[in-house]
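Worksheet: the structure to be examined is printed underneath.
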Amino acid sequence: MKSKLAETARKYTPMQDGGVLRFRHPWVLGSDNKGKWIRIGVSKLSPSQQGQLLEDAQALLQKPPLLKSDAPKVGQHLLNPYFKAIKSASRPEYQFDLTRWPSPVVENVETGQREKTELLGQIPDEYYVESGLPPPNIDSAQWFAVMKFIQNLRDYISRIDGLLAAERREVERLNNVIERQNRLIGERGESEKKAVVRECLGHFEKNFRLKEGVSEAQRDDVIRRVKCVLEKLGMDSHYGKANENDLIQAVSASNPKSPRERARRIQAIKRFCTWLCRSKERGGLGFVGNPAAELRPESDKTIQSKRRAEGLVSTLDPVPLIAALPQFGKHGLRSKVADLQRVF
C-alpha cells in the first residue's frame, strides 16, 4: 500500500538503539495506518553527535513541519529523509497550460479504454460546479471529465498558494537575519538605503515620544523643528544617502532666527536620526547609519558668551545705584526696610 499524508500531525517520540535513530513520521502514514518509520544510521557518529541528533529529532517532532520553511534549525542529516517521505506521499503536481483550451480524457471504467474528447462549450459556471449537475448539451462522461479537471486545478492552485505563503515566510525570515547581520557589521540594509525622508518623517510623527511628564507642546516643537530641516533636505530624497554635511546645510537653509533656535534645530534633527536607529520593538526602524551621531549643538552658556563678546549683552553699572541709596535715610536702605516692616 502506498503511503499517504495524514490530515493532522501525530505525536511520536524518537528512539535510538543499535546504532540507529528511528522514529515514526508524524505526517506520513504507512500500511498499518501509523506513522511511517524513518531510520537514520548513527553508528559512525561520536557520542556527542548522536546525542545532538537525538535532541534535534525531539525538536523536529515536537512541532512537526509540513513545509521546509517551517522546519526548526536542525541538521540536513535529519531533514532530508523527513521531507523525502512527505514528498513521496504527496500528490503529484499537475502542470496546466492555462493558455490553451482544455481537452479532457474520458476513461471507460469497464474496458479501461481512454478517449480524448473536446468540450462542447465553455467551462460551466459556479452554479453547475457546486451543484454537481451537468449543464445542457454536455453528457455525463464529458461532465465527469470537466469536474475532474476542475478538482485537479483547484488542488494545483491550493498547492501553489501554500508554496507561495511558505516562500513569503522564508523571505521575511531571511530579511530579518540579514538585518541582524548588517547591524552587527555596521552595514546598512536595503530597507534603510531605499527609505524616503517623507516616510521616515511619517513614522517619526506617529511613534516619537518624550519622557513621562513632558508636555505635548514640547513634543510638537521637536516635530516642527524636524520638519523645517527635512523640508530643506528634500522630502523625496533617500535617507540612506544623507550625511552630516547635508544635515548642517539643511539646518542653515531653514533660516533659524537666532543662534539658540539653530541649536534647537540641530538637537531636534539629531533626535530624529537617533530615533530611527532604535529597534522596531521600541518604535524605531532599526536603521544602522546615524548621520547626526557626531552633531554637537551649542549650549546656552556658549551662545551667551558669544553674544557678550559681540557686545549684544549689556550689564548695568552699579555705581549710580549705590549713590542713590543714602536718600532712604541716615542708615541707608536697611533703615528704610525696617521702617516698612514696622508699617506692615
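The values are calculated or read from the model by the stated rules, or taken from the named source; none is laboratory data. Everything quoted here is computed from the prediction, not taken from an experiment. Methodologically, a virtual Cβ is constructed for each residue, glycine included, from the backbone with ideal geometry; neighbour enumeration extends over all protein chains shown.
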Looking across the stretch 189-241 at residues that are of a type in the set (Ser, Thr, Tyr) and more than 17 Å from Ser254 (Cβ to Cβ), the single one that is surrounded by the most Cβ atoms within 10 Å (Cβ to Cβ) is Tyr239
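Does any residue of the stretch 212-235 turn out to be modelled with pLDDT of 85 or more and closer than 25 Å to Asn176 by Cα? Walk me through it before giving the result.
Within the stretch 212-235, the subset modelled with pLDDT of 85 or more is 217-235.
So of that shortlist, the ones also closer than 25 Å to Asn176 by Cα come out as none.
Within the stretch 212-235, none of the residues are modelled with pLDDT of 85 or more and closer than 25 Å to Asn176 by Cα.
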